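Q: Following this message is one structure expressed as structure tokens.
The values are calculated or read from the model by the stated rules, or taken from the named source; none is laboratory data. All figures in this text were calculated on a predicted structure; none of them were measured in a lab. Cβ: placed from backbone, ideal geometry, glycine included. Neighbour counts: every protein chain shown. Protein only, heavy atoms only, side chains kept; ligands, DNA and RNA dropped before computing areas. Shrake-Rupley method; radii C 1.70, N 1.55, O 1.52, S 1.80 Å.
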Amino acid sequence: MRKIIVIPALLLLSVLIVSFLAVPALVDGHLNQTRHLGPYTVSERAHALHARLLAADLHADSLVWGRDLLAHGTRGHVDVPRLIEGGVALQVFDVFTKTPWNVDIDRTEDRGDAVTLFALTQGWAPKTWTSLKERAVYQARRLHRMAALSGGRLRVVRRGADLSGYLERRAHDPGMVAGLLSLEGAHVLEGDARNVAVMDQAGYRMIGLAHFFDNEVAGSAHGVSKGGL
């Protein structure tokens with residue numbers, strides 16, 4: 001009897017381990033491919049122009065994939081080493097907290113939630129399994145933690161003074177990048193305007209009112225109602 005119980009338990013444990021280790025990387029690798037791996041040829045004129053510019057990228061979903069942003073990646077989206085190599089001064093880290101399974105650019109209904117699978121397979125805190133608000137707080141903490149471990153290479157900006165001070169330092173030391181937290185969709189507020197303060201405390205400074213589907217605040221261009229605020 002004991003063997004009958006132990007064998008399924010070991011099988012279940014094996015499946016869980018494979019899920020934690022393989023599923024996020026497999027999904028990430030499939031969705032976030034780098035089609036042209038280089039080497040890339042850049043003209044001297046383009047290189048000189050880029051050196052004079054203040055480059056800012058306003059969208060990257062890197063946080064949801066559980067990546068180590070301090071490690072040099074080989075597939076799509078961004079990480080700190082590649083941002084510095086590319087001369088990017090400011091990176092907006094967008095966070096999505098819910099994505100229906102049936103995403104359709106013309107009409108997406110609020111049914112199902114793919115992010116629950118991400119949370120389960122990546123070992124997110126249990127309270128993130130059901131709370132969109134907690135998912136946002138969890139991902140913000142990941143960025144702050146990596147900034148603390150970056151040795152000054154990654155700095156999270158919360159206010160104008162943070163950005164001004166960072167740009168002054170970067171003028172003398174380009175080996176750093178600033179990160180700004182943004183939210184995709186006001187559904188993260190879970191229908192409670194008081195959660196704006198929670199997002200503020202977590203470090204978010206931008207919010208898109210709607211993502212792929214309609215929510216309590218606004219209608220999405222890809223949603224059902226095609227409504228406004």
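Q: With a 1.4 Å probe and all protein chains left in place, how much of the accessible area of the chain comes from carbon and sulfur atoms, in whole percent?
A: Whole-percent figure for carbon plus sulfur exposure: 62.
Q: Sorting 105, 84 by accessible area (1.4 Å probe), largest first, what list results?
A: Per-residue accessible area, sorted high to low, gives 105, 84.
Q: Volume per residue, Å³, of the convex hull around the alpha-carbon atoms of the chain?
A: So the per-residue hull volume is 176 Å³.
Q: Hey, what D do you get for the range 87-148 in µm²/s if you plug the Kirkwood alpha-carbon radius into Stokes-Einstein at 25 °C and 0.890 mPa s?
A: 186
Q: Could you rank the peptides 209-217, 170-178 by their average count of other C-beta atoms within 10 Å per residue, with the highest value first?
A: 209-217, 170-178
Q: Separate question: Quote the convex hull volume per residue of the range 50-180, based on C-alpha atoms, as a whole number of Å³.
A: 138
Q: Could you state the number of Å between the C-alpha centres of the range 164-187 and the range 39-58?
A: 18
Q: Still on this structure, please answer the following. Tell me the per residue accessible area of the range 119-229 using a 1.4 Å probe; a whole number in Å² is fine.
A: It amounts to 49 Å² per residue over the range 119-229.
Q: Within the chain, how many lysine pairs that are 8 or more places apart, or on different chains, have C-alpha atoms less than 28 Å apart?
A: Total qualifying Lys-Lys pairs in the chain comes to 4.
Q: Same structure, new question: Keeping all protein chains in the complex and leaving out DNA, RNA and ligands, what accessible area do you get for residue 54 with a 1.4 Å probe, in Å² to the nearest 10?
A: Probe radius 1.4 Å; accessible area of residue 54 about 110 Å².
Q: Under the rule of -39500 (n - 2.57) per DSSP H run of 4 or more residues, summed and divided by the residues of the chain, what mean residue ellipticity at 222 nm is obtained, to the nearest 500 deg cm²/dmol?
A: -12000 deg cm²/dmol
Q: On a 0 to 90 degree scale, rounded to 10, what angle separates helix 132-148 from the longest Cα axis of the chain?
A: With both axes taken from Cα atoms, the answer is about 50 degrees.
Q: Starting from the Cα of residue 71, step 7 Å along the direction of its Cβ; do the same at residue 102; then give the gap between the two resulting points in nm.
A: 3.8
Q: Then there is this: Suppose the chain between residue 111 and residue 217 were pulled fully straight at 0.36 nm per residue; how much longer would it get relative to their current alpha carbon spacing?
A: Extending this stretch completely gives an extra 36.4 nm.
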